[in-house]
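Accompanying notes for the structure given below.
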Amino acid sequence: MRPSSTLLRYAISFAVCFLTAVLALPLRGWLDTANVAMLFLLAVLLVARYLGSGPAVLSAFVCVGLFDYFFVLPYLSLTVEDAQYFVTFAVMLVTALTTGALTANLRREIDTACAREQRSRALYGMARDLAGAVAVEQVVEITRRFLGEAIAADATLLLPDASEKLHPFPADGSLRAETHLAYMAIKNEKPVECTQISGSGYALSYFPLRAPTRTRGVLAIAPFQGDLEVIREQRDLIETAASLVAIGLERLHYVEAAQRAELSASAERLRSSLLSALSHDLRTPLTALRGTAETLALTLGDSPHELAEALRDQAAHLSHMVGNLLDMARFQAGKVVLRKEWQALDEVIGSSLKLLESALSGRKIDISLPPTLTLIEFDAILIERVFCNLIENSTKYTPPETTIEISAVLIQGMVEIQVRDHGQGFAAGRENEVFTLFGRGATESSVPGFGLGLAICRAIVEAHDGWITAGNHPQGGAVITFALPMGTPPEVTEETDENMVAAT
Amino acid sequence: MSEQRANVLVVEDEKQIRRFLKTALEGEGCRVFEAENCTQGLIEAGTRKPDLVILDLGLPDRDGIEFIRDLRNWTRVPILILSARSDECDKVAALDTGADDYLTKPFGMAELLARLRVLLRRNAPGEIEPEISFGTVRVDFSRRLVWRDGLNVRLTPLEYRLLAVLLANRGKVVTQRQLLREVWGPSFVESGHYLRIYIGRLRQKLEQDATRPRYLLTETGIGYRIEIPKGDV
């Protein structure tokens, strides 16, 4: 019912007027001329309803002309006998024009409403499709389909990677995009258009994809045919579509993030259950081995006794190394959670020395701590490991008659702790290699160990926001220095001195 | 232990460890019963009436903490737990639930037997000494007096109470929470820094070398223990 070509519509309106005249002609003798005028008005109304305002105006004039020519005496002449017919013509023309304009307006509004409804329906369809999309490729496909159908335009999405570099999606699309225009759209947070590259296969208009948290990319479009006008007319629609796409992309981003988190959590669970299984499986035979060897050592005679003791020592040594390996594995797996508490440094040094009692076998240890040392917040078990590893290293690499010195100084909110021995020190230039996994101070050594100890120390100290260095003392011997932040220890309410027990 | 055979129940899923524990404990003159999981362990504990339970915390069928709770519903039998080094939290939880002491795997025979003796002795009834000595220190509970090298030592009420709690559990680990609750009160269980400071002061007053204490020992991450070596009294 809606001829599209303008010329056709005028032709039809013309034809309608003549048809009315032809139909009314045989009734000329019977019908009053006023009623014939009514028939022409009806024709104009119909033209306005179906063909729009332009043809309605044309038909108004044509109808008045035809009415005069065929139905007003003298017939077949535009002259008029009775002057009062001019009033009829005028009323007829005004009525035709007015009703024509009104009807045409009404129609235009209906058309706009229809178009709007169609647009909303299309946007709704797109939003629904986007909500169901599970991959970026789907979002791209949905966007392209929508813009293709709704405004007959080709589209490319430009999406940033982790380093904010934009990549076109689809990568091999027919529409190419000027990346610098896209960056400009992101930077200005509003659409950018370019007229110079019209028809060259490049996108003409760049809409930033603004989502609630950040801009998620750029929508680059160009109409299949024609120029920027097509896009300008539909700018609202495109911007709405762009924001839908942005929200869709953002949703995908968070879905992916959640999936990644879930994945890494399950990998973490797997890793930690593997670690504890490994730990259990390694420790069980060692415990049994060590215990059995000791039982043998306690119950056997002299010569087998020595063998049993050797067995026990090797088992103890092996279990120590396995312990180090497992610790390092736990650190590397990121499984270590610090349990920080306010601790006394001298107490942790003391407990480390107690643990190493047999390894130290009476070796002289010098401890000098500043009297102003307050409590420090750290994970006592881990810092005890640091001291154990450092002191044990010193005992392994230095002659038994030499002293090991442990000292601390307070410098700029940090407590710097030194463990110094009087051995040969580290090989020059290799001081910092000792902290790497399996790194050892000397290339070949008869002293057993993997070189895990210092790597563990570094991991622990750095987890405490501290630092650790290795070096040689000017007067000889190796020095390891590590620092921990001091912090402000909590208040302690003191007792009053009066009710001392056993006051003398 | 030789005077009277002690019954020891070993609840441990690893056969090799059970075997060497059995050999070692029988060498000490104990009678050993074995269970390889918690369910069986609870049945054995009910029927054998052991004098000591050695419990591995990592049993397959149930949580060791639950086992301790169940056992503590009807008996005060000493419980010695075995656990891997990296599980300090589990150990503390087990000790706070009612276990008496722990050993870290892999442990030495000497440690095992020392713990065993302490736990079995402590179970012997009717033994409240009015006085305890270690090193050159003498504590007179009846008169609340403490002496070192023959000289009176001034202790604050809290210091004295801390020392008394540790001595009442001598040879046995007392967790940080237990000490804070018994000495300072329930609202102080999270205030570990008080313990650090008071233990430091006790060591200054009672130990020869406060940094390398002989008696007042730290069990890092767990609590404290007063150890009185044999023949040191």
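Assorted remarks:
- Comparing Cα centroids, segment A:40-117 and segment A:344-379 end up 110 angstrom apart.
- Stokes-Einstein D (µm²/s) once Rh is taken as the Kirkwood radius of segment A:147-258 over alpha-carbon pairs, at 10 °C in 1.306 mPa s: 114
- Each chain gives up part of its surface: B and A jointly bury about 4100 Å² of accessible area, both sides summed, for a 1.4 Å probe.
- Net charge contributed by nearby residues that have their C-beta within less than 10 Å of B:E34 (K/R +1, D/E -1): +1
- Relative contact order (percent, whole number), segment A:341-485, Cα cutoff 8 Å, 6+ residue spacing: 23
- Segment A:3-122, relative contact order in percent, only Cα pairs under 8 angstrom and at least six apart counted: 28
- Complex-versus-alone comparison for segment B:184-205, residues with a loss of 10 Å² or more in accessible area, probe 1.4 Å: B:H193, B:Y194, B:R196, B:I197, B:Y198, B:R201, B:R203
- Inter-label distance for A:S174 and A:E189, nm, one decimal - labels placed 7 Å from Cα along Cα-to-Cβ: 3.6
- Of the residues A:C457, B:C89, ranked by 1.4 Å probe accessible area with the largest first, the sequence reads B:C89, A:C457.
- Charge dipole of chain B (Cα centre as origin; +1 on each Lys and Arg Cβ, -1 on each Asp and Glu Cβ, all else neutral): 800 debye, rounded to the nearest 20.
- Probe 1.4 Å, protein heavy atoms only - accessible area per residue of segment B:11-91 in square angstrom: 43
- Charge dipole (chain A, unit charges on Cβ, about Cα centre) - positive-most of A:P371, A:T398, A:V192: A:V192
- Sparse-neighbour loop sites [trypsin sites (Lys or Arg not before Pro); segment A:326-365; at most 11 other C-beta within 10 Å; DSSP]: A:K364
- Comparing B:L103, B:Q178, B:I65 along the charge dipole axis of chain B, the residue lying farthest to the positive side is B:Q178, per the Cβ-charge model.
- With all pairs of different C-alpha atoms in the average, the Kirkwood value for the hydrodynamic radius of segment A:341-485 is 15.3 Å.
- Split chain A at each of the GluC sites (Glu not before Pro) in a DSSP loop with at most 10 other beta carbon atoms within 10 Å, and the longest piece is A:190-400.
- The Rg/Rh ratio of the protein assembly as shown, with both radii computed over alpha carbons and Rh defined as the Kirkwood radius, is 1.35.
- Carbon-plus-sulfur accessible fraction, the protein assembly as shown (probe radius 1.4 Å, protein heavy atoms only): 55%.
- The helix-based estimate of mean residue ellipticity at 222 nm for the protein assembly as shown, built from -39,500 (n - 2.57) per DSSP H run of four or more residues and divided by its residue count, is -16500 deg cm²/dmol to the nearest 500.
- Positive-end residue of B:L21, A:G291, A:L8, charge dipole of the protein assembly as shown with Cβ unit charges: A:L8
- Size estimate for segment A:264-333 follows the Kirkwood approach: the inverse of mean 1/r over distinct Cα pairs works out to 13.5 Å.
- Across segment A:216-334 the C-alpha pair distances fall into 5 Å bins from zero in the proportions 2, 9, 11, 9, 7, 7, 6, 5, 5, 5, 5, 5, 4, 4, 4, 3, 3, 2, 2, 1, 1 percent.
- Per-residue mean of C-beta atoms belonging to partner chains within 10 Å, peptide A:314-327: 1
- Measure of compaction for chain B (Cα Rg per 2.2 N^0.38 Å): 1.05
- In segment A:1-84, chymotrypsin sites (Phe, Trp or Tyr not before Pro) in a DSSP loop with at most 12 other beta-carbon atoms within 10 Å: A:W30, A:Y75
- Counting only protein heavy atoms and a 1.4 Å probe, chain A has 53 square angstrom of accessible area per residue.
- Taking 20 °C and 1.002 mPa s as conditions, segment B:1-114 diffuses translationally at an estimated 154 µm²/s according to Stokes-Einstein applied to its Kirkwood radius (Cα pairs).
- Under 21 Å from A:K354, Cα to Cα: lysines that are on another chain or at least 8 residues apart: A:K364, A:K396, B:K91, B:K105, B:K172, B:K205, B:K230
- Heavy atoms of A:I247 accessible to a 1.4 Å probe, total area in Å² rounded to 10: 90
- Neighbour net charge for A:K190 - beta-carbon separation under 12 angstrom, K R +1, D E -1: 0
- Peptides ranked, highest mean first, by Cβ atoms within 10 Å: ranges B:114-121, B:140-147: B:114-121, B:140-147
- GluC sites (Glu not before Pro) restricted to DSSP loop in segment B:152-214 with at most 12 other C-beta within 10 Å: B:E190
- Computed on chain A, with alpha-carbon pairs under 8 angstrom and 6+ residues apart, the relative contact order is 7 percent.
- Nearest-0.05 FRET efficiency for A:T6 and A:D82, computed from C-beta distance (R0 41 Å): 0.60
The values are calculated or read from the model by the stated rules, or taken from the named source; none is laboratory data. A quick note: this is a predicted structure, and the numbers were derived from the prediction, not measured. Every residue, glycine among them, receives a Cβ derived from its backbone with ideal geometry; neighbour counts consider all protein chains shown. These accessible areas exclude ligands, DNA and RNA; they are computed on the full protein's heavy atoms, side chains included. Shrake-Rupley method; radii C 1.70, N 1.55, O 1.52, S 1.80 Å.
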